[in-house]
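Working notes, beginning with the structure itself.
Here, each number is a calculation from the coordinates, and none is a lab measurement. Owing to the predicted nature of the structure, the values given are computational and were not obtained by experimental measurement. Virtual Cβ from ideal backbone geometry, glycine too; neighbours counted across all protein chains shown.
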Amino acid sequence: MTSSTATPEPGPHAAKTTHAAAGGDTDVVAIAPDSAVAEGILADTPLDEIFGADTEAKAKDLIARYPMSRSALLPLLHLVQSVQGYVSQEGIAFCARQLDLSDAEVSAVATFYTMYKRRPCGEHLVSVCTNTLCAAMGGEAIYKKLQTHLGSEDAPLGQEETAGTPGEPGSITLEHAECLAACDLAPVLQVNYEYFDNQTPEKAVALVDALQAGKKPAPTRGAPLSDFKGAELQLAGFFPEDEATYRGDVDGPSQAVETLRGAQIANERGWTAPATQDVPLPVLPAKEGEKK
Ligand code: FES
């Protein structure tokens, strides 16, 4: 264990020391900016050069949607991912400045959720479900196949590693994921969070080959494929204003026969869910009086 009295600053201020108690679940990137710069995780660029006026305006728009500013943190983190393809230390500082939070508070949130990536992602993020049902149905085999197909037999791609140069066309970041909430269609994978159901190793290889060749195969259901940054902008809550473009971006068949089977059987048998009691929502304080 090491210790230091210095607090590392975000952005271009490189720390001269590393800091204490980096366990397996500690965000080492957040506390050791020197190595982060070396790995390209921490760009040596001022915040306003990375996140320009448009991103700043979007951030203000997001914050205005919530009674309490800090509630906008999760979409703000998606917004910074839509710009950089990951949550850099500058992204953390950007969110912190927007919300009047500390970098540590933002970092604690960004490192808790797996959807926030701490290293630059590829043009596409491929998430293979290896949770119980998918694993039993072949999810592990799909993941292993993609590891060696996107890497090599000798150097299979690791968790959240990228084949190609992150952000460049055809680059793919691979991860295994916990239950993707499509167990009835196992084994499944997602590309930029869009579903490809009932997969096999062969289908998955054909899919990533198409992505690397610049194609965008149609997901089994859901919206058409965009890219990781585009998906992140949608997750932040921004869509085209033009109705036709918006519909083209988000519309698609959303249900599968397997998923509706239970509802169909309940309908046929006249089963209904027990009624719930309406509980009034608590009254929130006015935004001006928000406690910091
Ligand atoms: S176990 Fe894979 S979607 Fe649930």
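Among 251, 278, 197, rank each residue by its count of other Cβ atoms within 10 Å, from fewest to most, as a rough exposure measure.
Fewest-to-most ranking of 251, 278, 197: 278, 251, 197.
Pop out the ³J(HN,Hα) list for segment 224-230 in order, Karplus 6.51 cos²θ - 1.76 cosθ + 1.60 with θ = phi - 60°, rounded to Hz; leave Gly and Pro as x.
Each residue's phi maps through the Karplus curve to give x, 6, 10, 9, 4, 5, x Hz.
Treating the beta-carbon of each Lys and Arg as +1 and of each Asp and Glu as -1, no other charges, what is the dipole magnitude of segment 124-228 about its Cα centre, to the nearest 20 debye? Before the final figure, lay out each step's value.
Working: 6 positive and 14 negative charges, 64 e Å.
In debye, rounded to 20, segment 124-228 gives about 300.
Sorted from fewest to most neighbouring beta carbons within 10 Å, what does the list 229, 287 look like? Walk me through the intermediate numbers first.
On the way: 229 17, 287 12.
The most exposed by this proxy come first: 287, 229.
Give the calculated FRET efficiency between residue 210 and residue 181 to the nearest 0.05, with a Förster radius of 25 Å applied to their Cβ-Cβ distance.
0.55
For segment 51-91, just say rounded, prolate or oblate: build the C-alpha gyration tensor, square-root its eigenvalues into a ≥ b ≥ c, call rounded for a/c under 1.5, and beyond that prolate if a/b exceeds b/c, oblate if not.
oblate
Mind checking the full-extension length gain between residue 260 and residue 239? Use 0.36 nm per residue of separation minus the Cα-Cα distance, one decimal, nm.
4.7 nm
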